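Everything on this sheet refers to the single structure shown next.
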Amino acid sequence: FSGILFHLLVIESARNPNASQSLFGMAQVSSRVYPWVLLVAIQVIMPNISFVGHLSGILVGTMQTAGLLNYVLPGVRYLRSLDESDRLYRITCQPNFVKTPSESAFTLFSRSNSQLQLSVPAIMTPATATL
């Protein structure tokens, strides 16, 4: 599970590239290099921990923010066809089921003119987000 946390850490760092993060309250580190610094720091503090799992989380997160996983992940059209499928009706008719958002809101990361652009789906607006 820690690999997933590192993956999410990379995505968070990509959302706020100019921010700084606190490294165990001892130093401020640029958000861009924070996942890598945290990987090394945790490995030094706890050498028997899963280095490969953490590293793979960072690499997959980097691939996702670069858009390299867009060809592997299912597209919006396919996900919408699943929403409308008769075979999945028992799931999709549930009152808490969230249908696939529009294509413009579905893309989390895209590269344009060497800058990372982020569009948040409508279901993740600050008014509906809870921690």
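The values are calculated or read from the model by the stated rules, or taken from the named source; none is laboratory data. All values reported here derive from a predicted model rather than from experimental measurement. Cβ sites come from the backbone with ideal geometry, for glycine too, and all protein chains shown count toward neighbours. Calculation scope for accessible area: heavy atoms of the full protein, side chains included, ligands and nucleic acids excluded. Shrake-Rupley method; radii C 1.70, N 1.55, O 1.52, S 1.80 Å.
General remarks:
- Contacts under 8 angstrom Cβ, first residue in the stretch 63-75 being within 16 Å of Arg32 (Cβ to Cβ), partner at pLDDT below 85 and not in a loop (DSSP other than H, G, I, E, B), 6 or more apart: Gln64/Phe109; Thr65/Phe109; Thr65/Leu116; Ala66/Phe109; Ala66/Arg111
- Considered as a group, the residues in the stretch 90-100 that are open to solvent by 70 Å² or more (accessible area, probe 1.4 Å) and part of a helix (DSSP H, G or I) include one that is farthest from Leu8 (Cα to Cα), and that residue is Arg90.
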